[in-house]
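The values are calculated or read from the model by the stated rules, or taken from the named source; none is laboratory data. For clarity, every value in this text was computed on a predicted model and none was experimentally measured. Methodologically, a virtual Cβ is constructed for each residue, glycine included, from the backbone with ideal geometry; neighbour enumeration extends over all protein chains shown.
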Amino acid sequence: MRILQVTQAYYPFQDRGGPAIKVRSIARALVALGHGVTVLTADLGFGAAEIASAAAVRENGGWQSNLDDVETIYFATQSHYRNLTVNVGVIGFCRRRLREFDIVHIYGLYDVLGPTVARYCRQLGIPYFVEPLGMTRPIDRGFLLKKVWSSLVKGYLSGAGRMVATSEQERAELLAEGFAPDRVLLRYNGIDREEFRQLPPPGAFRKKVGIRDDERCIVFLGRLIQRKGADLLIEALSHMDGRKAKLVIAGPEGETGYLTFLRAKARAFGVEHRVVLTGPLYGEDKKAALADAYVFALPSQYENFGNSAAEAIACGTPAIVSDRCGIAPLLNQRAGLVTYYDSGAVARTLNGLLENASLYQRLKAGCPQVADEISWDRLVRVLQHSYEGATQLGSFASHKMTFYDDHPFDWTEGYTQQELDATLAPPLKSFIQDVPSDALVLDIGCGAGRVTSCLAARRQRYVGLDVSRASVRVMVDRTGQAGVVANGLRLPFGDESVDRVIADGVIHHTSDPFAAFAEGCRVLKSGGLFYAAVYKPGGRYQKLYRFPGSAIRALLKHRAGKALVHATMLPLYYLAHLVKSRGKRSWRGARNLFYDYFATPRVEFLSSDELKEWSKRCGVHIVDYHPNSGLNVHSFLLCKRAHIAARQALEHPAPARMGP
């Protein structure tokens, strides 16, 4: 698979917290499984050290790296507010390259990169996952701003195929927010076992910071912010008088002035000589600190997982965490202990572990097993399986309701097969009759199955596909064959995988008609045939869609207007069709036709010259053309030239068209 990962912070900007490290680990594990991975992120300030660490080179105003065989694009930052950045380069990337990817995984909620990419994913029908990183409910600050932001990007979450929770705690929060259980994937945070396979020499860190061998070393490692609980450890240390224990607090200052606050607190509690503040530790220095620790402590007020506790366990060091840490159930009584967010409780738990040698040895012995359970090698396979499920035919878990879900294009209920055949335009009927018995036919925009019913009656091999789940459900009920719910702008099929393609009255309803046409050409085998019928410009329907269509669409937006349309225009339309169909047309069928004719939100009127130009660019040629006098559509029979890849056309989008 081609997988796109989107994150506000990425390696080498490790001072921005756990996600920068986590996303890199996931990307490397996916590459090891044979997938192609690209990471989109922000330039958070490249200096000489960062350039060297990431092996980054200048590219389009930003930076690019291929470290770890992961294509990483750091967009230039135009402005920022705290950790949020504005990176306009992401828009150009989405327009040029987003179609390359099978799945997108977005990390975080409160940034611009993720919602921007998600918006283009929804347009192109690319499934995407969102991993909130514990941000589902605001914790620290900016509650009002975050609430406003959430309302502005509501489609970002509602359109996600999966919400990824990293703990049972976070999963419960997502369910409480209204996400369906089958949309929430539980995948713990992990550790790279290879990274911790070889540890620095014992005692190296103690020697460096001046901690004697007979002193118990308690290590806290994380961003220095209020909710992480480093101040609780200072208070707890004051309740451990007489014990040979020192507290190491390591990490970058995440809130201005917090480091000064910790120093003042240590002095106030008379333990400043027992507290070591090291600043941030990365790489070998971090491993050395965790390996030399007697116990790791993270008494956080809230932690959706607790990555540093997992890393301590990977170093063979038992961990003590608060019950508000997502990792707590995984390590409790196995590789650590769980306490409360209270300095007295933290002191009692630490004292209990320091006094109980047999308990300590049991927890230390349990560290390797817990570390294996949360290794990225294992966890990424869970993620891979979920990715594959989201990209399989018809498995788009986050189905966005469409116009045709509310109004399926089904106006032939009760028709016999002979009557259904009679509804087909003569060129389409001839096309179906000429399909070889062993050919595979793809009906793009199958709707309620009018065409697929005719294919099924001929015992033809076919796949019916539509963006409307309601329409596909009707088609499946009618034909007994499985259908595919997918966007025609990004078909879930490989290049040159079908023998015949039908797009009967569909392309003109898409947000990008050329892309829809090019996708049909892409999946068509060399020498295969493509039947396309599109609305023609200058005809009666183009005038009707503009007026009275525009007035009808305006009325339908309001409850009173909708009632007026349903009480006046719709009955007249039904009576006209009842007469025309000699009593066959049902009220529901007439209503669906009315909505398709006048209320459909998007229609393009495409000339034969446009189709000729598109055909040249997509490696197909027109072998037959029917102007279909008296009808609203004209139809084209196209043949794919041998050895020409239609996908190339997607790299050169057609010029923007004016709407109808």
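Data overview
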item	result
When residues of the stretch 464-483 are limited to those that are surrounded by fewer than 21 Cβ atoms within 10 Å (Cβ to Cβ) and in contact with a strand residue (DSSP E or B) (Cβ under 6 Å, 6 or more places away or on another chain), the one nearest to GLY414 (Cα to Cα)	VAL476
Residue match in the stretch 510-529 (condition: of a type in the set (Ser, Thr, Tyr), assigned by TED's automatic domain parsing to the domain that holds ARG490, under 24 Å from PHE431 (Cα atoms) and part of a strand (DSSP E or B))	yes
Pairs, first closer than 17 Å to MET135 by Cβ in the stretch 1-25, second small (Gly, Ala, Ser) and in a strand (DSSP E or B), C-beta under 7 Å, six or more apart	GLN8/ALA42
Pair list, Cβ < 7 Å and 6+ apart or interchain, from the stretch 95-108 residues that are at positive phi to residues that are of a type outside the set (A, V, I, L, M, F, W, C) and modelled with pLDDT under 90	GLY108/PRO19
Candidate set: the stretch 121-147, residues that are within 11 Å of the chain's Cα centre (by Cα) and part of a helix (DSSP H, G or I); chosen: the one modelled with the highest pLDDT	CYS121
Selection count where residues are in contact with a helix residue (DSSP H, G or I) (Cβ under 6 Å, 6 or more places away or on another chain), in a helix (DSSP H, G or I) and more than 28 Å from ARG348 (Cβ to Cβ), scope the stretch 236-288	1
Considering residues of the stretch 344-363 that are of a type in the set (Gly, Ala, Ser) and touching a His at 6+ places or on another chain (Cβ under 9 Å) only, the residue surrounded by the fewest Cβ atoms within 10 Å (Cβ to Cβ)	GLY344
Hits in the stretch 411-432 (condition: surrounded by 12 or more Cβ atoms within 10 Å (Cβ to Cβ), modelled with pLDDT of 85 or more and in a loop (DSSP other than H, G, I, E, B))	THR412, TYR415, THR423, LEU424, ALA425
Of all residues in the stretch 45-59 being assigned to a helix (DSSP H, G or I) and among the hydrophobic types (A, V, I, L, M, F, W, C), the one that is farthest from THR85 (Cα to Cα)	ALA52
Test: ALA314 is hydrophobic (A, V, I, L, M, F, W, C), within 17 Å of GLY210 (Cβ to Cβ) and crowded, with 21+ Cβ neighbours inside 10 Å	no
Matching entry among ALA503, ALA532, ALA563 (being in a helix (DSSP H, G or I) and either in contact with a helix residue (DSSP H, G or I) (Cβ under 9 Å, 6 or more places away or on another chain) or more than 27 Å from SER607 (Cα to Cα) (or both))	ALA563
Residue in the stretch 535-554 that is in a strand (DSSP E or B) and among the aromatic types (Phe, Trp, Tyr) present	yes
